[in-house]
Amino acid sequence: MMKGAQKIAAAPPPPKIITNINRDRERVVNAYAGAAALPGDAARGRLLYTAVCSACHRLKNEGNEIGPDLGTVAAKPTEQLLEAILDPNRAVEQRYLAQTVTLKDGRQLLGMIAEETANSITLKLGAITEVILRGSIARSETGTKSMMPDGLESVLNQQQVADVLAWIRAK
């Protein structure tokens, strides 16, 4: 190496993204495209976020960390956010994939892996976590979908989606 030259660290690899195409979900996203043009009310959006999203998402120091922190996506284009809300499985980072763990006693747990050691895994099950000893696991399968359910259009209309987006983007 030349004198005075610094060694540059390699950037970490980008997260692996799992994609799923669902034409029905695509139709819902298209039907909600008008939400992008609606003026959102951040105060109403906060109430909706608390009722619908905070069980799994964190935003402005509120909520749980199962899915991505919504503050990290606030600057993304509205179309991309609509897609993530209404078709949550279209593009999922591998770390957010649902994990099904079947225990030797027959119980089945669905969650997201928070931590792994040689002896156990810690599974996020909504707002709680459970440490599971590897010796008690009969089977563990990583799915191809996130924990976020399809169908939020049955809970949120276009105006409400615009309000949630306004809260996500509020400073």
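The values are calculated or read from the model by the stated rules, or taken from the named source; none is laboratory data. As the structure is a computational prediction, the values presented were derived from the model and not from experiment. Positions of Cβ are generated from backbone atoms using ideal geometry, with glycine treated the same way; all protein chains shown enter the neighbour counts. For the accessible areas, the whole protein counts, side chains as well, though only heavy atoms, and no ligand, DNA or RNA atoms are used. Shrake-Rupley method; radii C 1.70, N 1.55, O 1.52, S 1.80 Å.
Using θ = phi - 60° and the Karplus form 6.51 cos²θ - 1.76 cosθ + 1.60, what ³J(HN,Hα) does each residue of region 143-153 get, whole Hz, x for Gly and Pro?
Residue by residue, region 143-153 yields x, 10, 10, 7, 7, 5, x, 6, x, 5, 5 Hz.
Short version: ³J(HN,Hα) in whole Hz for each residue of region 65-77, in order, from phi by Karplus 6.51 cos²θ - 1.76 cosθ + 1.60 (θ = phi - 60°), x for Gly and Pro, what are they?
9, 10, x, x, 5, 5, x, 6, 10, 4, 8, 5, x
Between S146 and residues 5 or more places away or on another chain, which pairs have amide H atoms under 5 Å apart, with H built 1.01 Å from N, and which residues are they?
A98
First check a/c for region 39-84, with a ≥ b ≥ c the square roots of the eigenvalues of its C-alpha gyration tensor; if it is under 1.5, answer rounded, and if not, answer prolate when a/b is larger than b/c or oblate otherwise.
Oblate, because a/c is 1.5 or more while a/b does not exceed b/c.
Mind ranking 53-65, 29-41, 130-142 by how tightly packed they are, going by the mean number of other C-beta atoms within 10 angstrom, highest first?
Those peptides, ordered most packed to least, come out 53-65, 29-41, 130-142.
Rounded if a/c is under 1.5, else prolate if a/b beats b/c, else oblate: with a ≥ b ≥ c from the C-alpha gyration tensor eigenvalues square-rooted, which is the chain?
Cα axes put the chain in the oblate bin.
When all protein chains stay in place, what accessible area (Å², nearest 10, 1.4 Å probe) is found for L81?
In the full protein context, L81 sits at about 10 Å².
Can you find, among A91, L123, A166, the residue sitting farthest towards the positive end of the charge dipole of region 47-171, where Lys and Arg contribute +1 and Asp and Glu -1 at Cβ?
L123
Once both labels are modelled 7 Å past Cα along the beta-carbon direction, what's the A138-R27 spacing in nm?
Label-label distance for A138 and R27, simple model: 3.8 nm.
Taking only protein heavy atoms into account and a 1.4 Å probe, give the accessible area per residue of the chain in Å².
For the chain, the solvent-accessible area averages 62 Å² per residue.
Do you know the relative contact order of the chain, to the nearest whole percent, from alpha carbon pairs under 8 angstrom that are 6+ apart?
So the answer I get is 32 percent.
Expressed as a whole percentage, what fraction of the accessible surface of the chain belongs to carbon and sulfur atoms when a 1.4 Å probe is rolled over the protein heavy atoms?
55 percent
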